1. Evaluate the Kirkwood expression for the hydrodynamic radius of the stretch A:136-186, namely the inverse of the mean inverse distance over all pairs of different C-alpha atoms, and round to one decimal in Å.
2. Any aspartates and glutamates with Cα under 12 Å of the A:Lys559 Cα? List them, leaving off those in the same chain fewer than 8 positions away.
3. Where does the longest stretch of chain A lie that holds no trypsin sites (Lys or Arg not before Pro) found in a DSSP loop with 15 or fewer other Cβ atoms within 10 Å?
4. Kindly provide the chymotrypsin sites (Phe, Trp or Tyr not before Pro) of the stretch A:472-573 that DSSP labels as loop, not H, G, I, E or B, and whose Cβ sees at most 10 other Cβ atoms within 10 Å.
5. Quick one: Karplus J couplings for the stretch B:8-15, per residue in order, coefficients 6.51, -1.76, 1.60, θ = phi - 60°, nearest Hz, x for Gly and Pro?
6. For the stretch B:107-194, run through the trypsin sites (Lys or Arg not before Pro) and keep only the ones in DSSP coil with at most 13 other Cβ atoms within 10 Å of their Cβ.
7. How many nm is it between the label spots at A:Gln202 and B:Asp225, if each spot is 7 Å from the Cα in line with the beta carbon?
8. Evaluate 2.2 N^0.38 Å with N set to the residue count of the stretch A:2-178, then give the Cα radius of gyration divided by it.
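The values are calculated or read from the model by the stated rules, or taken from the named source; none is laboratory data. None of the values given here were measured: they were computed from a predicted structure. Cβ atoms come from the backbone with ideal geometry, glycine included; neighbour counts cover every protein chain shown. These area figures cover heavy atoms from the full protein model, side chains too; ligands, DNA and RNA do not enter into them. Shrake-Rupley method; radii C 1.70, N 1.55, O 1.52, S 1.80 Å.
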Amino acid sequence: MCCLYRFGSNPAILAGMMNRSNPLAHEHLLHRLHAIQQQFRHIPPHAMQQAASEFNIPLSQVAAVVAFYSFFSTQPRGRFDILFSNCTSCGYLSGEQDLLRMLCQRLQVTPGKTRADGLVSIGETSCIGMCDQGASLLVNGVPVTGLNADKIAQMVQLVTDGTPIQQWPAAWFETSDTVHRRDLLLTNRLTSGSALRKALLQGSDQTLTVIQQSGLRGRGGAGFDTGKKWQFCRAAPGSARYVVCNADEGEPGTFKDRLLLREYAGTLFEGMALCAFVIGAEKGFVYLRGEYRYLLPHLQIRLDQHREQGLLGKHILGQADFDFDIDIVVGAGAYICGEESALIESLEGKPGIPRIRPPFPVTHGYLGQPTVVNNVETFIAAAHITVHGSAWFKAAGSSTSAGSKILSVSGDCGKPGIYEYPFGVTIRQVLDDCGATDVQAVQIGGPAGTLLSPAEFGRVIAFDDTATGGSLLVFGQQRDLLAIHRNFAHFFAHESCGFCTPCRVGTQLLKNTLNNITDGRGTATDIGELQQLGRIVQHQSHCGLGHTAANHVLDGLQKFPHTFSRRLQPQFTARFDLDQALASARQVTHRDDAAAHLDNE
Amino acid sequence: MMTTGADTIRIDGEEIPFTPGQTIMDAALAAGIYIPHLCHYPGLPPSGNCRLCVVEAGNRSVAACITAAAAGQEIRNDTPALNAARTAITQMLFVEGNHICPSCEKTGNCKLQAMAYHLGMLDDHFAQFYPHRELDASHPGILLDRSRCILCDLCVRASRDIDKKNVFAIAGRGTDAHLVVNTPSGKLADSTLAVTDLAATICPVGAILIKEKGFEVPIGQRIYDRQTIRETGLQEHVERKNGD
Ligand SMILES: Cc1cc2nc3c(=O)[nH]c(=O)nc-3n(C[C@H](O)[C@H](O)[C@H](O)COP(=O)(O)O)c2cc1C
Ligand code: SF4
Ligand code: SF4
């Protein structure tokens, strides 16, 4: 197939982007644009032209990248650029109050706009992975957690005074990882280098065999057999091979990689080096979501320590023919970049549009070369398996799903946080352990996953039952499930990459229909409409985002029909709100008196 | 049930040959079987974005233009369910942009309109989005009205792969996706696009129009007044220029 890339891809140029002898050495297009955004608070046209000539790529490619990623903008953002998470767990609506409106009102900012004096802009962003930390936001890219009315009041003062965020209360920026349950991977730390030493001792064939025998399957959601993936990649012809760690963790409600990156980065790098040893790669990447940029200094330090210990770099552990090193590439706000082929496009300095698959990354990945993409947890599990053996791993879990799964539990429960269980644990057990009582529903696997009713809490977490990349959202009886569906629908409409029609338009239509029902303008036909639309988005879309974007609605219609039906109008209702349609006219004329409204009897 | 040969696939029960490397679309068109498509143009690399050509292969839904034909494939194409989905997708494309068929210069030559006729689409079904999209009239010979762009990527591919000028790209995410011109001003006038370029003429809808040609061919004598999109779809092909 000839059309792998939406933009003509020139491997020589792209390789130059990463080449250390190049003056742009450490620079990746996304990093360059991030620096420009920091400097000018937006990416002005002249800077785009400059970047295009520096990287020797078409200007339209730079423009397309800037337009694609949420954290870049062509209009200046405020000196304090504040983005509230809109996740159902760490979002601004997760408590009693609308914290976003509160801050906007007090600072006189229109949501999504920059204040005229350029001091502050306030907007929203998709889940920032702080779901166990209370309502959260990013200020100039740095997370502030545990928001409440009090903090908002203080923030108003800090922003008004122009206090640099370095001088904001340090405690605001602290995230505490709470691990409530530990199993295979989180109980004992591996001694640094132990996995690589064992691998070198037993050779790459045996290392691969052990991974294959362990039954390890991908922890990022799709659950592909890891040993097979490594073997396919190793067998694929190519001039170079690459190891990519997917640390995009964009599925709302997922934050287990955040813990792993902070506490177990060394084991992750070792897992990646193991993979490199098996497949014969010299270069690896960690693709870190932009929301986790604050972890970058820590990760760089851990990488340096690894190099000093001879576990990365040239001649790893003294082995003459084993060179492998890792670069970290930081994303810029795009859920779709968690999809492995979109991730690779992003690594290549392009918008994250999913590729045509097949060919799969194992044969045609980064720069068209064989590439393994695995989740953070998968690499860490591989390191443990290498040290402890496949039998140790298989002893835990169920017949289809060996080992353990690390869950990020959040929502309406007493003890949100990280829980590691052997596969096969029931939903009910997890709910008991996290102190969730009076549960109305559970969303497993994030908005793209499955909505479970209490009748299904006996089901187990396993690849052949309820699979999850790690997200488990708990919804108590007091929650309005329709609001949850609306939130999810907004998420997908916002995150659709826009490449294919059914997802680009269909996710908007799902969102609009749910808005209508929420606003009391839905009728019985809307139920059939949602079903039909849902099926089209599910079946006709190009990639996994579209394939899963309607799951929550279809599940909801089936399992909680009342959520929708009780909001429907019994009689004919215009889908169109005439008075609402005049809002823009009122805004322009600065009128909001009774005469400027239609009679809404 | 009949068995299918080593180098044949079956579409709606009809057995057709294919050569290795061909997609389902390639094989179908070569055999005179029409699979509805808007973003595909034989001779250009396929993209797979419009999704009209989604067919069922076994129990999977795949886009025919980007899926390799494989021996023994059992494909369903012309089914009520698939055509209903195609109609819905066509309706999505209509409501997403601002399509003004009765007064559009492209009327009668427009593939989106012709597709709607082909599928028996009677209304827009969904509520209009009425997007605000930029119009570019800067070029002396060519008009770009993004209001009607369906993001099919044909002009992008034609300019990059055939004209070798790389004039266009698609930028932005979700419904913000839009066509951009690869010049510092973002204007067509500053690009090297010429009236004779494939990129200037391949647009399936009235988003890229050649100026001063308005209604040269009267309504009633236009392409889809004379033939159906099925017939055009089976005939058209881009000739590769030298060196490709
Ligand atoms: C829309 C979308 C988002 C995804 N996001 C992630 C992600 O954030 N992290 C991840 O590991 N996998 C994600 N995946 C799955 C990846 O495509 C891929 O299957 C995975 O990284 C492979 O690693 P594994 O086999 O170790 O799970 C996503 C898939 C889709 C379709
Ligand atoms: S399904 Fe959605 S995210 Fe995936 S390619 Fe299509 S538009 Fe993009
Ligand atoms: S301008 Fe025309 S050819 Fe280009 S993407 Fe839009 S609809 Fe397709």
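1. About 12.7 Å for the stretch A:136-186.
2. Cα-Cα hits under 12 Å: A:Glu456.
3. A:315-565
4. A:Phe572
5. Going residue by residue, I get 10, 10, 10, 10, 6, x, 8, 7 Hz, with x marking Gly and Pro.
6. B:Lys164
7. My value for the distance between the label points is 7.6 nm.
8. 1.19
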